[in-house]
Every structure is written in C-alpha cells, then in structure tokens.
Amino acid sequence: MRVRIAPSPTGDPHVGTAYIALFNLAFARHHGGQFILRIEDTDQRRSSTESEQAILDSLRWCGLQWDEGPDIGGPVGPYRQSERSALYREHADLLIAKGRAYRCFCTAERLDSVRAAQKAAGQDWRYDGHCRDLDPAAGVAREAAGETCVVRLRMPRDGETAVPDALRGAVIYENHRVDDQILLKSDGLPTYHLANVVDDHHMGITHVIRAEEWINSTPKHIELYDAFGWDAPVFVHMPLLRNADKSKISKRKNPVSLEYYQRAGILPRAFVNFLGQLGYSMPDEREVFTLDDFVAQLDLSRISLGGPVFDLAKLRHINGLYLRELSPADLAGEVASWRKEDGRDAAVAELARERMETLAEFRDVEGIFASELVDWSAHCGHLLVGAASKRKNKSQVLDAKRSRGYFEAVIAALEGLRQWGPEGIEAALRGAVAKADVQVGDGFMAVRVALAGRPNAPGLFEMTTVLGRALTLARLRAVVTWLKGKTSKNLFEQRREQLARELKALDASEARVRLAEQSGGRFDPKEG
RNA sequence: GGCCCCAUCGUCUAGUCAGGUCCAGGACAUCGGCCUUUCACGCCGACGACGCGGGUUCAAAUCCCGCUGGGGUCACCA
C-alpha cells in the first residue's frame with residue numbers, strides 16, 4: 001500500500017498538512033507500505049523553494065518522516081511536479097486524442113462575461129462549452145499559429161458519478177453539475193486535478209487520504225481515472241480542522257504555522273499526540289500515546305467526521321504532561337536544544353550583547369524570544385499609534401481604529417515577504433507606515449511594543465528577524481484582536497481600572513509588611 | 001444561493017455500523033476543596049450533552065424521514 005502527502009509550497013508549513021501527513025504515515029506503516037512526499041508546485045506564481053524547505057523541515061520536526069520524496073529520491077521520481085511537466089503535457093494530449101478533453105481558446109474576458117450572465121440568470125457558474133465541440137484539427141492549427149489555449153476535461157453531460165469515500169460510502173454527483181475543469185493552463189503547466197491524478201497513478205498510490213475540502217472535486221478525478229483507463233485509488237476524506245467558531249482553520253483565527261508551535265516550545269511528540277486525537281480516538285480511549293502506538297492501532301473506521309476544533313488549551317495540557325514526565329536532566333536538555341534551534345541562541349546573544357552589563361541581563365532580551373505571546377498591557381498606550389508622540393494633537397492620539405488599520409497593514413506586508421530578513425522587514429514596515437499614513441517613529445514604536453512587550457528593546461528589524469515569521473505574526477494578530485471592538489475610551493477606562501487594582505494590591509502588601517514588622521515577625525500573611 | 005458533507009457536555013471524544021448493560025463514560029477548560037510557605041503539579045468533587053419534530057420497535061443517543069443548525073465547495077489556487 002502506498003500513500004502520500006502532497007503539499008503545495010505556497011506559504012508557511014501548515015498544521016493541516018501535518019494532520020493529514022500523520023494519518024497517511026500511520027496508514028503506510030501500519031500496513032507495511034510506503035509514505036511518499038510530493039511537492040505540488042504547479043502554481044509558479046505562488047510557489048517558493050523557501051516554503052518547500054520549511055515544509056520539509058517542519059514535517060521532519062514532527063517526526064513524520066517520508067519514505068520517498070524530493071530530497072531523498074525514490075523509484076518513481078522526480079517528486080516535485082515542476083520537474084514533471086512533460087509528463088502532464090503528454091497525458092493532456094492523450095486525453096485530447098481520446099476525445100475526453102479538448103482545447104479551449106476562450107479569453108479571460110469572455111469567461112468573465114459568461115460568468116456574469118450566468119450569475120444574473122441565477123445559475124451556477126459552469127463553463128458554457130463554447131469550445132467543447134470545436135474541430136480538434138482546427139484546435140491544433142490555432143495552437144500552432146500561436147494562439148494560447150488551455151485544455152479542459154470533457155465531463156459527461158448526463159448520468160452521475162459515485163465517489164466511493166471510505167468513510168462516507170458512495171457520494172453521488174450529477175455529472176451535468178460538474179464543470180469542464182481546466183487540466184492544463186495556458187502556461188503549459190497542469191492544474192491540481194490533472195497533475196494529482198497522473199502522479200498518483202504513476203507513483204502507485206493506492207489510498208488517497210486527504211482533507212474533506214477535496215471531496216467535491218473528486219468526481220472530476222474519477223472521470224480522469226476512467227478517461228485514462230486506470231483504476232482509481234481508495235479515497236478517504238478526513239474532516240477539516242476548525243477554528244473555535246467552527247469555520248475551517250485559518251491563520252486569522254489560529255496559529256496555523258508549524259513553526260509557531262516549534263518556537264512556542266511545543267514538543268513534537270506532544271504535538272503529534274494532540275493531532276492524533278483530533279477526529280480520532282484510540283480503541284482503548286487512551287489519550288496519551290506515542291506515534292508508534294498510534295501506528296500500531298490505526299483504524300480508519302474510528303475517524304469521526306465532525307470537524308474538530310483545534311484547541312490550544314488541550315495542546316498545552318498534553319505538552320505539559322510530556323514535560324513533567326521528563327527527568328530534570330532530560331528537561332534541561334530539551335530546553336537547551338530548543339534554544340539552539342535555527343541558531344537562535346547565538347542570534348539572541350548578538351542582540352543582547354550591546355545592551356547588557358551582567359550575564360544575568362541576558363534574560364531580559366531572551367525573554368522576548370522565548371515565549372508565544374508577550375504581555376504589553378503595561379505599555380498599551382504605545383499600541384495606539386501616536387499615543388507616544390508629542391507632535392500629535394489629542395484627537396489623533398487616541399485612535400484605536402486607526403491603529404488597527406495600521407497593524408493590519410503591517411501584517412499584510414510581513415505575510416507577503418519572501419525573504420525573512422532585516423532589509424525586507426524594514427521595507428515592509430516602511431510600506432505599512434506609508435500606507436496607513438502614520439509617523440514613522442510612532443508606527444515603529446507600536447510594532448516594537450507589540451513584539452517585545454515594552455518600548456526598550458533591541459533594534460526593531462533585527463529583533464523581528466530573530467523572532468521569526470510565525471511568532472511575529474502571532475503577536476501582531478494578538479494586538480489586532482485586542483484592538484478590535486475597543487474604543488479609545490474603554491481602553492483608557494480599562495487601563496485606569498488596572499492601575500487602581502495594582503495600587504490597591506500594593507497598599508495591601510505594604511500594610512502586611514508593616515503589620516509583620518509590628519508583630520515581631522509572627523505575622524501570618526494568610527490572615528492579611 | 002446550487003451542490004456536497006456533518007450533528008453526544010463550551011471544547012476533544014466513548015457509545016451509533018451489529019437498538020436494551022447509557023436517567024450517556026473519559027479528557028480539556030471552568031468552579032470548589034485537599035495537599036502546600038506561594039504558585040504550579042497531584043488528588044478529590046461540582047457544573048455540563050444525545051439540536052428539534054415525526055415515525056419504526058416491547059425498547060432508540062443508536063434505525064428511517066423531515067426540519068433546523070454548522071461546515072465545505074462552486075478559479076488558468078491548491
């Protein structure tokens with residue numbers, strides 16, 4: 001039995017990828033088969049080698065090692081779709097020759113207008129079949145003459161297609177509702193649908209275990225297998241991981257980057273344990289288990305189809321269980337290696353060096369990097385763009401909404417960065433400052449506080465570089481969340497109440513100290 | 001909106017396929033207590049669910065239908 005994980009290198013390594021990879025790997029190992037990693041980089045515009053590397057690193061961090069893949073090779077490579085384009089072209093031609101696909105010369109403009117007309121008529125969007133019955137010879141000629149075209153699947157207009165899902169039984173789709181999907185784009189590269197089916201076949205994939213979001217495109221895939229004359233693999237659609245509000249897990253509402261969990265100090269085996277109990281339960285109801293245990297007992301029929309909410313609290317609990325099980329020496333070892341990951345220790349030392357007078361002060365700087373989120377509540381005024389500025393008049397100073405817009409611009413700019421480094425970060429921040437029309441100093445101070453939790457911290461761009469993309473974005477998003485729905489007024493009320501509470505606590509403790517002195521040290525603080 | 005999937009405590013889930021042993025069990029979170037110089041851990045306890053309505057049946061969380069709710073998907077992105 002052969003299974004695969006087929007991530008697209010278009011962003012941060014995603015928790016969903018690890019989730020699906022876990023079940024694939026466990027399935028392969030349980031049955032003595034192979035687990036393959038294939039990179040689906042057919043979207044030239046969005047794919048990057050940095051992202052690919054990050055995905056490989058993160059999956060390995062999870063301990064989900066593949067048997068064949070782009071970095072280690074294997075018998076049915078290459079394992080990167082961008083290196084197999086000739087294969088897809090051949091297969092597209094094959095389908096055209098069989099009459100199961102056709103060239104389509106429709107322009108984006110025509111498609112747009114058809115789409116608009118269908119929408120106006122209250123219909124679903126589907127390709128109208130304009131080029132479906134074009135003479136194939138004429139198509140060849142037009143293409144030879146330099147006209148650009150795509151290749152579309154000739155989906156049957158009647159009948160229905162049953163998708164045999166291993167967990168759901170047969171899911172029936174009426175063929176006339178299924179679109180004539182583009183298989184080969186005008187840049188000559190395949191879409192997911194073609195590349196996926198061709199590769200799964202040639203790589204000998206027997207079971208396709210993937211997320212449920214794919215189930216609606218499976219009839220197209222079944223049609224493709226049929227058109228090629230191939231046997232379709234077994235399909236297993238896993239439930240989708242969810243945000244707390246039950247929507248599909250997203251970076252807006254959850255940390256979804258595996259790098260985040262790595263940097264936040266989650267143990268890989270705890271993380272995998274956590275994933276293994278989402279939408280799944282061990283036959284003996286055990287909730288703490290190793291990857292080997294998981295592999296040994298895996299039974300796909302135990303998967304629950306309701307989408308599980310990705311609950312950080314539970315993850316932290318499980319992680320704590322693993323941490324407490326460690327001997328002090330082993331725990332120290334884990335901490336040490338965690339600090340050294342990706343050269344972070346040295347990078348932090350470089351930042352700390354110029355601002356310390358004793359070794360102990362290293363901790364002040366290190367603290368910025370060694371946790372998931374920082375507490376900036378004592379400096380929240382700085383997060384309101386302009387609050388620290390004496391140049392501004394008061395109406396500009398207290399604008400939470402404006403601050404939020406600025407932070408959202410910062411997040412967007414940073415998300416789009418390909419190379420995570422001081423130059424790129426500076427450019428991104430300057431861009432956001434300009435876009436939101438805030439003073440450079442105010443804007444930078446706000447980000448500094450959002451990331452470090454305080455106004456005095458290492459150089460902003462260097463600090464952000466060392467912090468890493470995942471934690472940086474998580475902290476910025478935390479600020480946006482906090483700013484949401486907050487008016488300047490209640491911000492200040494809140495802060496004033498907080499100060500009042502702190503003062504009161506301070507008074508109480510001072511009173512206790514005084515009492516203790518008066519009673520000759522026999523004072524029991526509990527009675528205070 | 002069309003199509004598709006799903007539905008047990010706030011959350012993860014057991015139980016559903018093979019109806020009775022389930023006035024529904026465990027875990028997280030929350031709250032309370034014990035332990036303890038503090039906090040945490042640990043231990044004990046509390047709170048808390050079969051979405052609704054019809055059937056079928058001696059018997060339904062379990063089977064059937066409808067409704068409601070949630071989600072996904074409708075790209076020259078995957």
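Helix A:49-62 versus the longest principal axis of chain A: what angle, 0 to 90°, nearest 10, using Cα atoms? Long axis of A:49-62 versus the principal axis of chain A: about 70 degrees. Nearest 0.05, what FRET efficiency do A:Ser377 and A:Asp231 give at R0 = 60 Å with Cβ-Cβ as r? After rounding to 0.05, the efficiency reads 0.50. Computed over chain A, relative contact order equals 11 percent, with contacts defined as Cα pairs under 8 Å that lie 6+ residues apart.
Between A:Gln65 and A:Gln297, how many nm apart are label points set 7 Å from Cα along the C-beta direction? Computed distance between label sites A:Gln65 and A:Gln297 equals 2.5 nm. A:Glu147 contributes an accessible area of around 70 Å² to the protein surface, as traced by a 1.4 Å probe with all chains present. Using a 1.4 Å probe on the protein heavy atoms, what percent of the accessible area of region A:136-292 belongs to carbon and sulfur? C and S fraction of accessible area: 51 percent. Summarising the amide proton neighbourhood of A:Ala211: residues at separation of 5 or more, or on other chains, whose placed amide H is nearer than 5 Å comprise A:Met238. Using a cutoff of 8 angstrom between alpha carbon atoms and counting only pairs six or more residues apart, the relative contact order for region A:214-372 works out to 24 percent. Between A:Ala166 and A:Glu90, the contour length at 0.36 nm per residue exceeds the Cα-Cα span by 24.2 nm. Taking Cα atoms only, the orientation of helix A:400-415 departs from the longest principal axis of chain A by about 50 degrees.
Which whole-number percent is the relative contact order of region A:377-486 (Cα, under 8 Å, 6+ apart)?
Relative contact order, region A:377-486: 34 percent.
Note on chain A: helix-only mean residue ellipticity at 222 nm, from DSSP H runs of 4+ residues weighted -39500 (n - 2.57) and normalised by residue number, equals -15000 deg cm²/dmol. Residues A:Lys435, A:Lys340, ordered by accessible area of protein heavy atoms at a 1.4 angstrom probe radius and largest first, appear as A:Lys435, A:Lys340.
Relative to the longest principal axis of the Cα atoms of chain A, helix A:344-353 runs at roughly 40 degrees.
The values are calculated or read from the model by the stated rules, or taken from the named source; none is laboratory data. Because the structure is a prediction, the values reported are computed rather than measured. FYI the Cβ positions are ideal-geometry reconstructions off the backbone, even for glycines, and counts take in every protein chain you see. These area figures cover heavy atoms from the full protein model, side chains too; ligands, DNA and RNA do not enter into them. Shrake-Rupley method; radii C 1.70, N 1.55, O 1.52, S 1.80 Å.
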